[in-house]
Structure formats: C-alpha cells, structure tokens
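The values are calculated or read from the model by the stated rules, or taken from the named source; none is laboratory data. Keep in mind that what you see is a predicted model, and the values were worked out from it rather than measured. When we count neighbours, we look across all protein chains shown, and the Cβ atoms used for this are built from the backbone with ideal geometry, even at glycine. Please note that ligands, DNA and RNA were not included when accessible areas were found on the heavy atoms of the full protein model with its side chains. Shrake-Rupley method; radii C 1.70, N 1.55, O 1.52, S 1.80 Å.
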There are 2 protein chains.
Amino acid sequence: MSRRRVTLADLAEAAGVSRTTASLVMTGRGRELRISHDVEQRVLRAADELGYRPNAVSVGLRTGTTRTIGFVSDTVATSRLAGDMIKGALEAARERGVMLFIGESEGDPELERGLLHAMQDRQVDGIILASMFTRTIKVPKDIGPAVLLNALPRPASGLPSIVPDEIEAGRSAARVLLDAGHHDEVYVIGAGPTLRDVPADSVAAVERLIGIQETGLKIAGGRVCPDWQPEHGLAATRALLAEHRPRALICLNDRVALGAYQALGEAGLSVPGDVSVVSFDDHPIASWIWPKLTTVALPHYELGRKAVEVLFAQMAGEVEPGQVFRVPMPVRHRESVAPRS
Amino acid sequence: MSRRRVTLADLAEAAGVSRTTASLVMTGRGRELRISHDVEQRVLRAADELGYRPNAVSVGLRTGTTRTIGFVSDTVATSRLAGDMIKGALEAARERGVMLFIGESEGDPELERGLLHAMQDRQVDGIILASMFTRTIKVPKDIGPAVLLNALPRPASGLPSIVPDEIEAGRSAARVLLDAGHHDEVYVIGAGPTLRDVPADSVAAVERLIGIQETGLKIAGGRVCPDWQPEHGLAATRALLAEHRPRALICLNDRVALGAYQALGEAGLSVPGDVSVVSFDDHPIASWIWPKLTTVALPHYELGRKAVEVLFAQMAGEVEPGQVFRVPMPVRHRESVAPRS
DNA sequence: TCGCATCGCTAATCCGATTTAGCAAAGGGA
DNA sequence: TCCCTTTGCTAAATCGGATTAGCGATGCGA
C-alpha cells in the first residue's frame, strides 16, 4: 500500500505557495520570472523533504515531449549483435535522461506499422529504425523524427543513416595480411572473388570486397556461401582446399571462419603456421576458438550510441537531410595471422 | 510537415456529437450508456476516415494506466541470453497491447534506482526485474507491481519469481547419459563433485549438481572452474585428462564444453566415440561445433514470456505472494552422446 | 393532465503538470 | 500627491482524453 505520489499541488501546499510558483522553481525558471530567493529555497526544501518528482506522463501531455524514444528493429533484439546495439543506445539515452521503448517487427510491415503507431501514440520524441544486418529498407511514411540504424533508405527519404564503415573494414582486413607479407595466395571465403559473387542483398559482402580490392591485395580466388554460417564456411573451405593451397584466408565473418578452422584442421593445416586467417564481425566466438581469431569488429555498441546522438542532433536541426554516418570498424589483432614465410 | 494528430475533439466535431459521446463510443461503452446505434456508427465511420487514434499519454494521465511495462536488468541486455529473454517478453507484451521500456543497471544500485524512478515517473503499469544469471537479489522498496526474472528475492519480498528449473535440468542431463548406458566414469567440468565445489554465487551450479545426484548417476569426479569460459573449460579438462580416462563429461555450460572439446581433441579422444559430452544452456555455439553438442537449454524466450504473463496475473491478483515459477529446461538432443560401448 | 421512468445525449470536472496573462504592493520620479 | 515601473507572485487556461452527474424529450400509467 504505497502512499500516493507527491504531486505539484502537494508540494505547493507544503511550501505555502501556488502551483505556478512551485512549477517555476522546479523547472528552473524561477530567476527568469522573478521568484525571490527566499521562496525558491522554501520550495526546493519542501521538494526535497517530500521527495517530489514530476509526473512524466503529465509533463508529456502538457509539453508534448516525453523524453522517450522508440527503438524498432526487424529482429535485431534477438541476436547477440542487437544486444550491444541496444546497450549503446541505452547508455547514450540515459546520459540524456531519455528512456527507450523497444519493439521488434520480425520483418513484418504490418507489425512494424503497429509498433510505430503504438510508439507515436505514446508521443515518443523520435524513433530509431534498426536492421539486423546492413541493408536498404523502405521507410514508412509520417514516421516523424527518425534515424536509420544499420540500414540505408531505399528511395531516398531524407532520414539520416548510421552504418558500419564496411569499405574501410575491407581495407583493414587486407592491410592486416599485407602487413604480414601476404601479397598472394590469399583466398576469400563467403563471397568473391568478384563483386557479383555475393549472397543476396548483402551490402556487407560487396563493400568488404571493394575495400579489399582497393588495397591492391591480389585475391587468388573466392567461394560464395549462400549464408554465412559455420557449415557453409566448412563446405566452402573444404572445396577450396581440394583445388588450392592457400597461404591466407579472408573469411567474411567469424561464423564462416569457424567452419574454415574446422576444414583446415581436417586437412592438417595449422593456423596461423600454414594459413593465416582474418575475419569480420568480432563475434564472441572469435576469442573462444584456438588460435584466437584476428577480426575486424562490427562496432555494435558504437552504432547504437551514434544512433541516439544523431537522432538528437537531427531534432536540433544539425543534420543534413539524408546524411550518412559511417562508424569505423576496428581491427582486433589476435593470433590467427602470422608473417608469410 | 506532418499534419497535427487527430484528437477526440476533431472526431467529435466530424461526427457532429459531443466529445463525451465520441469517447464513449471509442471506448466501447456506448451500449452501456445508451448511445444509439445510428450515432455510434457515425462516430466509428468518422474515426475510421480521420484515422483517429487516442493519445496514449492523455489516456495514461487520466486513467493512471499506460499499457507500458518496464524491463530492468543488471546487464542482461548485452548478452545473447538477454536477447531472447527480451524477445519473449516483447512478444507476450505485444499480445496484450503493451509496450516495453528497457533499462540496464549494470549492477549499480544507484543506477537501478534511477531507472526505476524514471519508469515510475512514466507511470509504468509494472516492472520486470531481470538478472543476467540466476541469483538472489535485494528488491528495492516501493517498486510497485513487479516480478523477478531469473532471480529470487533475498529477504523474502512477496514478489513472484520466474526461474529456470535447474534441478530438473540436472536430472535431464544425467538421464541423457544414463539412457546411453553411462553409469560410471562420468566426470563433471565446471563444478563438483560435491555441492561445495562451485563458483561463487552460482545457483545454477548447485542446482544442476543436485539434479544430477538425484538420478543416482555416480559422479566419478569434477573440476571447478572459477568462471565458465572456454579457457577454463580447456584447462580443467586438460587437468582431468592428466589423471583420468573419462567415458563421459557433463559440462556445466556450453562455453566450458567448447574448451573441453579442444582438450579432448588435443588428447586424441573423439567425441562421442571415446567420450560422450552433455552440457547446459544451448548457446548458439552448441550447434556450431562438431559434433554438435547435446545440451539442456536455458529457456530464455520462455522465461521472458512467462515474466510478462506472471506480471499481469499478479496485477489481476491471481498470484500467491512470493510464488516461484520454474520454467522447464528442454534437452536438445544432438550428436555429442553415444552409447557406452 | 400530471407524475415518473426511460432514453439519448452532453456539460463539466478531473488527471498533473506548464505557461500566459495579469494583479497587488512597493518604489521612484515629477 | 499622482502616475508609472518594477517586483513578486498567482489565477486561469491548456494539453487530450475518461468519467460523473444530469438535462431535455418522450412514453406510459393513472
């Protein structure tokens, strides 16, 4: 039986002033509207004693701003990836005194509409539309202030986007090998060797390949995987080993790399002694396997954080329409790359 | 420049009735308060044409209920585990037309207080207090309607708890081995052999061991790991293999099992030919490694879902104070167990 | 014809804040 | 002494709905 919340009216009565005065003091507009120092102190003291906290719902109704934002993802919340993205968004939000609604659309436009409505009905100040993997999406109409996270608008929509810098990541991966002296005999697992050999809809595959090529690293060959799962990595690498003897592999993500490790092991090849491996994503398994995998990290946490930052910047009118923010993907140097002997 | 939202007043004007009447119709109380079928239809048609949706903030202020619940975890949102828990909660919430606020306390009581306040200020209807791993927690005062997810109240608090049924999970794991004919030469990695050989604060370790023992399975020995990470599993299994020749291992989670796989491989022992392995959690890696790991799954999704269900049941007064709900942990039969030869 | 119940709808209040407009008292200049 | 500012505070309106109390018209029985 918790006692009723303390309202502004209670506070005003306790301090012996009007609700107006109490409100002015609590919102820091006392000076501006000539409330005496004496009265101000009285109100503040009473607020402290009563433990007064303004009812955010009421404030939301009156002011139209709720200090709340919505985070809608296709199915992001379920994957590990998502966790960190949400965590980043959460912390950036907390720093601004903002709460996060989350919702998952499961890729169903109908569900998505419902979620967006539910959030708009609750007067969210803005919305983050997040995608599980980097891709282009159609932006719903009348969405209000919003940013796209890990996604780009298909027909240009004017909304800002936050995406990982996959091209630079490709360059980084290639440079790791080049720096270790691997200039040839490098194969790609998961896509390639050309830009047309990629899984459907995969922005990441294309951009990573572009980045790799830009460094001048010569790709000796590649194997596409329909999906970047361990078993496909295993099969692709087995097939590759049947015909070639690579000195280095670029795996297009860590799960594929896990499969590659297995295939290399079967073939009696050691990592990194016989074959160096570099990968992408920095999934937790990258540091759970032996040798620990050198990989270019997807900056999930930073992406989430940046999304909130950009959302607020946008609401402050500081963002160009359609501006794209690319978040750097850092290299995690571990144990799967050795100098070319 | 989206046009202003349609309000009840707009709707009333369009339908040529009072706001009261419009409200009554929209809340379904038209019959009860004798609004004629004719007028009712007029209002409904106008609502449809204008696309009227009630402002949830206003409704929240007036009725005191916001169709919103808070999900506060220590650090759950970051781990994979969390994702599914949130997903389960999210879906159960959506079925009830409820939105979810999420927050992470990072285990910091001060932060937790702040989050709970922020949620209470926004008039959440209830709160789910979630923990990353099963443990006992101190429940904050004046929290209002709430349930504990993956946690038990330290001083009894009257709040209901939802936890995985770890004891039954222990039984299940043991039974998997017993059914395959493994009655002896079974070792535990991660804890044991006695109930005092467990990592600090680990409810899961204790209960899993209890369950195992209850089946009558004879535990030949065990190795504690300070933390259930792959490298500790690796070290513990190496140490075990230096002294014993197990025919089966019960790993206390999948990450530990990953380490055990590595150690067994080094020792030239094959899974499941030489050694059967059964584990707990059903982490994604369990099906990424070879042979795929037979494991007793932590039902994250179900836990999240149940939390929302219990929260609503509790608000409806259908839950005993302090009631504990144990969610079954299903066995995922895969390829790491073979009959004892 | 009067009184009373029923029908169908609406005026007014409330939720808990913010914000605008303005009032009473004190001070200052002519 | 009168008028005009300035000071310090408050009454009242507002946000968008839900809810309570009640009003006018009609029907019915006596």
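So what is the calculated 222 nm ellipticity per residue for the protein assembly as shown, using -39500 (n - 2.57) for each DSSP H run with n of 4 or more, over all residues, to the nearest 500 deg cm²/dmol?
-12500 deg cm²/dmol
Give me log10 I(q)/I(0) at q = 0.09, 0.16 Å⁻¹ for chain B, Debye formula, one equal scatterer per alpha-carbon, no solvent.
Debye intensities relative to I(0), on a log10 scale: -0.60, -1.23.
Pull up all non-local amide H partners of B:A146: gap of 5 or more, or a different chain, and H-to-H distance under 5 Å with H placed in the peptide plane.
B:I127
For B:R340, go 7 angstrom from Cα along the Cα-to-Cβ vector, then report the distances to that same point in the other copies in nm, smallest first.
From this label point to the equivalent ones elsewhere in the assembly: 5.5 nm.
List the GluC sites (Glu not before Pro) in the range A:251-341 that DSSP assigns to loop (not H, G, I, E or B) and whose Cβ has at most 15 other Cβ atoms within 10 Å. Which are they?
A:E318, A:E335
Over the Cα atoms of the range B:230-292, each weighted equally, I'd like the Debye log10 I(q)/I(0) at q = 0.13, 0.22, 0.28 Å⁻¹, rounded to two decimals.
-0.27, -0.81, -1.34
With point charges of +1 on the Cβ of Lys and Arg and -1 on the Cβ of Asp and Glu, referenced to the Cα centre of chain A, which listed residue (A:L195, A:G51, A:P164) lies farthest in the positive direction of the dipole?
A:G51
Over the range B:1-41, calculate the relative contact order: mean separation of alpha carbon pairs under 8 Å at least 6 apart, over the residue count, as a percent.
24
Would you mind working out the magnitude of the charge dipole of chain A relative to its Cα centre, with +1 at each Lys and Arg C-beta and -1 at each Asp and Glu C-beta, to the nearest 20 Debye?
Dipole of chain A, to the nearest 20 debye: 800 debye.
Using the Karplus equation 6.51 cos²θ - 1.76 cosθ + 1.60 (θ = phi - 60°), what ³J(HN,Hα) coupling, rounded to whole Hz, does each residue of the range B:11-19 give in order, writing x for Gly and Pro?
4, 4, 4, 4, 8, x, 10, 7, 4
Report the B-A buried area as the accessible area lost on both sides summed, probe 1.4 Å, in Å² to the nearest 100.
Interface between B and A: roughly 4800 Å².
Which three numbers, in whole Å and largest first, are the semi-axes of the equivalent ellipsoid of the protein assembly as shown derived from its Cα gyration tensor as √(5λ)?
With the √(5λ) rule applied to the protein assembly as shown, the semi-axes are 50, 33, 23 Å.
Residue by residue, what Karplus-based ³J(HN,Hα) values in Hz, rounded to whole numbers, does the range A:160-168 have, using 6.51, -1.76 and 1.60 with θ = phi - 60° and x for Gly and Pro?
Whole-Hz 3J(HN,Hα) from phi for the range A:160-168: x, 10, 10, 9, x, 7, 5, 5, 5.
Pull up the DSSP beta bridges for the protein assembly as shown and report the antiparallel fraction as a percent, rounded to 5.
So the antiparallel bridges amount to about 10 percent of the total.
Is the C-alpha gyration tensor of the range A:1-64 telling us rounded, prolate or oblate? Criteria: a/c under 1.5 is rounded; beyond that, a/b larger than b/c is prolate, otherwise oblate.
Verdict is oblate for the range A:1-64.
Determine the shape class of the range B:47-118: with a ≥ b ≥ c the square roots of the Cα gyration tensor eigenvalues, call it rounded for a/c under 1.5, and otherwise prolate if a/b is greater than b/c, oblate otherwise.
oblate
Run through the other copies and list how far each one's label point is from that of B:G28, in nm with one decimal, shortest first; the point sits 7 Å from Cα along Cα-Cβ.
For B:G28, the other copies' label points sit at 4.4 nm, shortest first.
Give the average over all directions of the projected area of the C-alpha convex hull of the range A:1-108, one decimal, in nm².
9.9
So for A:V331, A:V296, what's the accessible-area order with a 1.4 Å probe, most first?
Largest to smallest exposure gives the sequence A:V331, A:V296.
Tell me, what is the 1.4 Å probe accessible area of B:W228, in Å² to the nearest 10?
30
Compare B:D227, B:D121, A:D197 by solvent-accessible area with a 1.4 Å probe and give them largest first, with all protein chains kept in place.
The residues order as B:D227, A:D197, B:D121, largest area first.
Using 1/(1 + (r/R0)^6) with R0 = 22 angstrom and r between the beta carbons of A:D274 and A:R196, what's the FRET efficiency to the nearest 0.05?
Taking R0 as 22 Å, the efficiency between A:D274 and A:R196 is 0.15.
Taking A:K141 as the anchor, which aspartates and glutamates have their alpha carbon closer than 14 Å to its alpha carbon, excluding any fewer than eight residues away along the same chain?
In chain and number order, the partners are A:E110, A:E112.
From the phi of every residue in the range B:197-208, what ³J(HN,Hα) in whole Hz does the Karplus formula 6.51 cos²θ - 1.76 cosθ + 1.60 yield, where θ is phi - 60° and glycine or proline is x?
In residue order, the calculated couplings are 8, 9, x, 4, 6, 8, 4, 4, 4, 4, 5, 5 Hz.
At a Cα cut-off below 18 Å, give the lysines reachable from B:K87, other chains included and same-chain residues fewer than 8 away excluded.
A:K87, B:K306
Given R₀ = 30 Å, what would the calculated FRET efficiency be for A:T65 paired with B:L50, taking r from the Cβ atoms and rounding to 0.05?
The value I calculate is 0.80.
What per residue convex hull volume, in Å³, do the alpha-carbon atoms of the range A:107-201 yield?
127
Can you bin every Cα-Cα distance in the range B:196-341 into 5 Å intervals starting at zero and give me the percent of pairs per bin, rounded to whole numbers?
The percentages, shortest bin first, are 2, 9, 17, 20, 19, 13, 7, 6, 4, 3, 1, 0.
Helix B:230-243 sits at what angle to the longest principal axis of chain B, using alpha carbons and giving 0 to 90 degrees rounded to 10?
On a 0 to 90 degree scale, this one is about 20.
At B:A242 and B:R96, where each label point lies 7 Å from the Cα along Cα→Cβ, what is the point-to-point distance in nanometres?
My value for the distance between the label points is 5.4 nm.
Distances in nm, one decimal, shortest first, from A:G265 to the same residue in every other copy, taking the label point 7 angstrom along Cα→Cβ.
Nearest to farthest, the other copies are at 0.2 nm.
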